[in-house]
Amino acid sequence: MDILRFATAGSVDDGKSTLIGRLLFDSKAIFEDQLEAVERTSRDRGTEYTDLSLLTDGLRAEREQGITIDVAYRYFATPRRKFIIADTPGHIQYTRNMVTGASTADLAIILIDARKGVLEQSRRHAFLTSLLRVPHLVLAVNKMDLVDYSQERFEEIREEFTSFASKLNVSDLTFIPISALHGDNVVSRSENTPWYQGSSLLHHLENVHIASDRNLVDVRFPVQYVIRPQKATDPAFHDYRGYAGQVAGGVLKPGDEVLHLPSGLATRIASIDTFDGPVEEAFPPMSVTLRLEDDIDISRGDMICRPNNQPQAAQELEAMVCWMTDAVKLAPRSKLTIKHTTRTARALVRDVHYRLDVNTLHRDETATALGLNEIGRVSLRVTQPLFVDEYSRNRMTGGFILVEEGSNTTVGAGMIVDARG
């Protein structure tokens, strides 16, 4: 069974947490004691119905204010697929949380209140999902029960959003009318929308094709750890040397010719080991251990690729950066630590080209710095070569995080647009 990672996004009070609660409840993915706790809290708050949003809003402030602040992750499974849900907040001041939740998602669900239509925050979240190259987008028009399940209202919202999405890089867009509160079209098709001929939300999540979203062309294997058991009691492991990591691109098989970076030395894969034993091939996002035919000096942060298909070894990076702290601004001459795949280096900010208004897509070229939750294009110089691809080609080798050296806190997330040696 494969795993689908999806994020929910949308404006405040559009029903993201309620939708996830409904998915968990109707697919029998919550325990009785969890449901009892939610029912009890709902009664204590004087709510006439069971507030399913309480299943994901775990922080006390979230429950008191009835909003989502931090990203909440939930797991559930059906007979067809496993799911990891990231419930992301809708407020503009939590843009960084939205970026965090959507950065690893295969699919994003953007909720829209059927009464309010496409709002500024709906456009902002759609832009962020396209910037983060989330391959599949579902627009869930929620609270259809409050507009009498009007087909006309649903079509209005669909036309308005489609015209906006034409400006974005969205390859797969699906529209579903739902009522998260009552469960219409969430797990099963609803009789209240006979005019809707599509599938329910869960059916779409179970069947959306994600295997081809991974980059299976460019072999990329960042080395995370060198495994040397050297068990004297077991001669089979005495000379064992394996290189552990997560496959970031391509397909690897025993016997394949590979190249080690930065040395440029070529060798072949002797075997591919996993916790459950050897496998005949490895592909994203599998975590495996490679054993090579030749002894090469390989350490954490190195890259294994194909001889004729190498990533760019770059020290000059052009990137879109989302700034995640209010303690300090991102400005020219800022010195930071950059973490890219398994490699860590120091970075100097050379220039801030522009700040992006995520609501209007306007570029403010007069900007000289980025503040909390702001996104802009930045030039970086790093102290040692990073083995990178453009983010549009590979999200794993094209993304990085920025860390403040003194406090060791993550202060920025970046997507590589261009790179030079």
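Per-residue answers, yes or no, for (1) closer than 18 Å to Thr410 by Cβ; (2) in contact (Cβ under 8 Å) with a residue 60 or more places away in the chain:
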{"site": "Glu316", "(1), (2)": "no, yes"}
{"site": "Met320", "(1), (2)": "yes, yes"}
{"site": "His353", "(1), (2)": "no, no"}
{"site": "Arg363", "(1), (2)": "no, no"}
{"site": "Gly376", "(1), (2)": "yes, no"}
{"site": "Thr383", "(1), (2)": "no, yes"}
{"site": "Phe387", "(1), (2)": "no, yes"}
Checklist entry - Of the residues that sit in the stretch 227-238 and are farther than 17 Å from Phe275 by Cβ and not charged (D, E, K, R), which one is surrounded by the fewest Cβ atoms within 10 Å (Cβ to Cβ)? => result Thr233
Item to check | Subset of the stretch 155-167 that is free of Cβ contacts under 8 Å to residues at least 24 places away in the same chain and farther than 17 Å from Lys116 by Cβ - its residue that is most open to solvent (accessible area, probe 1.4 Å) | outcome: Ser166
Next on the checklist: For the stretch 299-314, check the following and say yes or no: at least one residue is modelled with pLDDT of 95 or more, surrounded by 15 or more Cβ atoms within 10 Å (Cβ to Cβ), among the acidic types (Asp, Glu) and in a strand (DSSP E or B).
Outcome noted: no
Checklist outcome for this item: Flagged in the stretch 10-19 as in contact with a Lys or Arg (Cβ under 7 Å, 6 or more places away or on another chain) and either more than 14 Å from Ile110 (Cβ to Cβ) or in a strand (DSSP E or B) (or both), in numbering order, are Gly10
Checklist entry - Which ones in the stretch 361-388 are within 16 Å of Arg346 (Cβ to Cβ) and among the charged types (D, E, K, R)? => result Arg381
Checklist outcome for this item: Of (1) assigned to a helix (DSSP H, G or I); (2) touching a strand residue (DSSP E or B) at 6+ places or on another chain (Cβ under 7 Å); (3) open to solvent by less than 60 Å² (accessible area, probe 1.4 Å), Ala86 satisfies every one except (1)
Checklist entry - Does Asp326 satisfy the criteria of being of a type outside the set (Ser, Thr, Tyr), surrounded by fewer than 18 Cβ atoms within 10 Å (Cβ to Cβ) and in contact with a Phe, Trp or Tyr (Cβ under 7 Å, 6 or more places away or on another chain)? => result no
Checklist outcome for this item: Ser212 fails exactly one of (1) under 20 Å from Arg393 (Cα atoms); (2) touching a residue at least 40 places away in the same chain (Cβ under 8 Å); (3) polar (S, T, N, Q), namely (2)
Checklist entry - So, of the residues in the stretch 129-154 that are over 21 Å from Leu19 (Cα atoms) and assigned to a helix (DSSP H, G or I), which turns out to be most open to solvent (accessible area, probe 1.4 Å)? => result Glu152
Next on the checklist: Exactly one condition in (1) open to solvent by less than 80 Å² (accessible area, probe 1.4 Å); (2) at pLDDT below 95 is false for Ile176; which is it?
Outcome noted: (2)
Checklist entry - Which of (1) at pLDDT 90 or above; (2) farther than 16 Å from Ala7 by Cα is the odd one out, the single condition Ala140 does not satisfy? => result (2)
Item to check | Selection within the stretch 160-183 - of a type in the set (D, E, K, R) and either touching a strand residue (DSSP E or B) at 6+ places or on another chain (Cβ under 7 Å) or on the phi > 0 side of the Ramachandran plot (or both) | outcome: Asp172
Item to check | Residue among Arg214, Arg220, Arg268, Arg241 that is among the basic types (Lys, Arg), open to solvent by less than 30 Å² (accessible area, probe 1.4 Å) and in contact with a strand residue (DSSP E or B) (Cβ under 8 Å, 6 or more places away or on another chain) | outcome: Arg220
Item to check | Options Leu59, Leu55; residue that is over 14 Å from the mean Cα position of the chain (by Cα), aliphatic (A, V, I, L, M), crowded, with 19+ Cβ neighbours inside 10 Å and at pLDDT below 65 | outcome: Leu55
Next on the checklist: Name the single residue that is nearest to Val403 (Cα to Cα) among those in the stretch 335-390 being among the hydroxyl-bearing types (Ser, Thr, Tyr) and open to solvent by 40 Å² or more (accessible area, probe 1.4 Å).
Outcome noted: Thr344
Checklist entry - Looking only at the stretch 273-293, which residues are free of Cβ contacts under 8 Å to residues at least 24 places away in the same chain and open to solvent by less than 80 Å² (accessible area, probe 1.4 Å)? => result Thr274, Gly277, Val279
Checklist outcome for this item: When every residue in the stretch 73-83 that is in a strand (DSSP E or B) and in contact (Cβ under 8 Å) with a residue 40 or more places away in the chain is compared, the one most open to solvent (accessible area, probe 1.4 Å) is Lys82
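The values are calculated or read from the model by the stated rules, or taken from the named source; none is laboratory data. The model shown is predicted, which means the values in this text are computed figures rather than measured ones. When we count neighbours, we look across all protein chains shown, and the Cβ atoms used for this are built from the backbone with ideal geometry, even at glycine. Quick note on the areas: whole protein, heavy atoms, side chains included, nothing else; ligands and nucleic acids left out. Shrake-Rupley method; radii C 1.70, N 1.55, O 1.52, S 1.80 Å.
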